[in-house]
Amino acid sequence: MSRTKSPSPIYGQADHYARKAHAEGYRARSVYKLKEIEHKFTLLHHVRRILDLGAAPGSWAQYCLQYITHLETYVAVDVLPLQITQQDHIHPTLTYIQGDFTTEELAHTIHTRGPYDCILSDAAPNTSGIKALDAMRSLSLAESVALYSHTALSTGGTMVIKLFESSDETRFIHKLRTLFQRVHVYKPQASRTISRERYLVCLKKTST
């Protein structure tokens, strides 16, 4: 499945968070969504191994690599290249894999570097402007992310998935609630008001 993110999203719309990201050296305004999630749920502080699916342009990786002091492995995956460089103080544990994480071939590569304590995904599908179609594509992509929780996420691990709001998401959320102790549906303030995105914050996987 193809996905798209603007190569330089901080320059697309000069809102408060875009200007703030530019001033603080982050590659995208989306970093503040992750910061809000972490502030509210405290799911990152003690993790050592992270899988970041749909990682480009790299702001979530920037934040985690700066914030998490005991990080051992950070695997970032996207069809687009990361835009972080040595000037961004790249952590030696960062591994970037360019490709489509929904494919079987890439899934094998990702699994060989696991298991992970946390799976993060800010991935979004190519949008058509048709709400129902975009929501369906978002749900399909989220389901692909969730598949990694079955085999690549350690027991007790956490997961964050972006999902476009739709009438078909109830089944998916119910399934996640059979795998995790708690699943929260959360929309950060940093999300644009008109955006239909929200994040599923899944805390403590209960079994492998």
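The values are calculated or read from the model by the stated rules, or taken from the named source; none is laboratory data. Computed from a prediction, not measured in an experiment: that's the story for all the values here. As a convention, Cβ positions derive from the backbone with ideal geometry for all residues, glycine included, and neighbour counts pool all protein chains shown. In case anyone asks, the SASA skips ligands and DNA or RNA and just uses the protein heavy atoms, side chains included. Shrake-Rupley method; radii C 1.70, N 1.55, O 1.52, S 1.80 Å.
Could you list which residues have their amide H under 5 Å from that of Leu120, counting only those 5 or more apart in sequence or on another chain, with H placed in the peptide plane?
Answer set, sorted by chain and number: Leu51, Asp52, Leu53, Val160.
Counting only heavy atoms of protein chains, what accessible area per residue, in Å², does the chain have with a probe of 1.4 Å? It would help to have the intermediate numbers written out before the result.
Details: 9980 Å² over 208 residues.
Roughly 48 Å² per residue, with all protein chains present.
Express the relative contact order of region 41-129 as a whole percentage, based on alpha carbon pairs under 8 Å and six or more residues apart in sequence.
37
Of all accessible surface on the chain at a 1.4 Å probe, what whole percent is carbon and sulfur? Present the calculation step by step, with values, prior to reporting the outcome.
Working: 5190 of 9980 Å².
Ligands and nucleic acids excluded, carbon and sulfur give 52 percent.
Hey, what number do you get for the chain at 222 nm if only DSSP H runs of n ≥ 4 count, each worth -39500 (n - 2.57), divided across all residues, to the nearest 500?
Working: 6 runs with 70 residues, N = 208.
Dividing the helical sum by the residues of the chain leaves -10500 deg cm²/dmol.
Enumerate the amide H contacts of Ala28 below 5 Å, restricted to partners 5 or more residues apart or on another chain; note that Pro and chain-start residues carry no placed amide H.
Ser59
Is there a pair in Lys40/Lys131; Lys162/Lys205; Lys20/Lys204 whose C-alpha atoms are over 27 Å apart, and which pairs would that be? Mind showing how you got there, number by number?
On the way: Lys40/Lys131 29 Å; Lys162/Lys205 18 Å; Lys20/Lys204 32 Å.
Flagged as over cut-off: Lys40/Lys131; Lys20/Lys204.
Can you tell which of Ala124, Ala132, Ala18 shows the greatest fluctuation in a Gaussian network model of the chain with Cα springs below 10 Å?
Top of the fluctuation ranking is Ala132.
Got the relative contact order for region 100-208 handy, in percent, Cα pairs under 8 Å and 6 or more residues apart?
Working: 163 pairs, mean separation 31.2, N = 109.
Relative contact order, region 100-208: 29 percent.
Explain nothing, just the number: relative contact order of region 97-153, from Cα pairs under 8 Å at least 6 residues apart, as a whole percent. Intermediate values should be presented prior to the final figure.
On the way: 30 pairs, mean separation 25.5, N = 57.
Here the relative contact order equals 45 percent.
Rounded to the nearest Å, what's the spacing between the alpha carbon centres of region 95-160 and region 37-85? Just the number, please.
Measuring centre to centre over Cα atoms gives 14 Å.
About the Cα centre, and with charges only on the beta carbon of Lys, Arg (+1) and Asp, Glu (-1), how big is the dipole of the chain? Nearest 20 debye, please.
Values: 25 positive and 19 negative charges, 122 e Å.
Using only the charged Cβ atoms, the result is roughly 580 debye.
Once label points are set 7 Å from the Cα along Cα→Cβ at both Thr103 and His184, what is their separation, rounded to one decimal in nm?
Label-label distance for Thr103 and His184, simple model: 3.7 nm.
Is the chain rounded, prolate or oblate when judged by the Cα gyration tensor, a ≥ b ≥ c being the square roots of its eigenvalues, rounded requiring a/c under 1.5 and prolate requiring a/b larger than b/c?
Numbers: a/c = 1.33, a/b = 1.05, b/c = 1.27.
Rounded, since a/c falls under 1.5.
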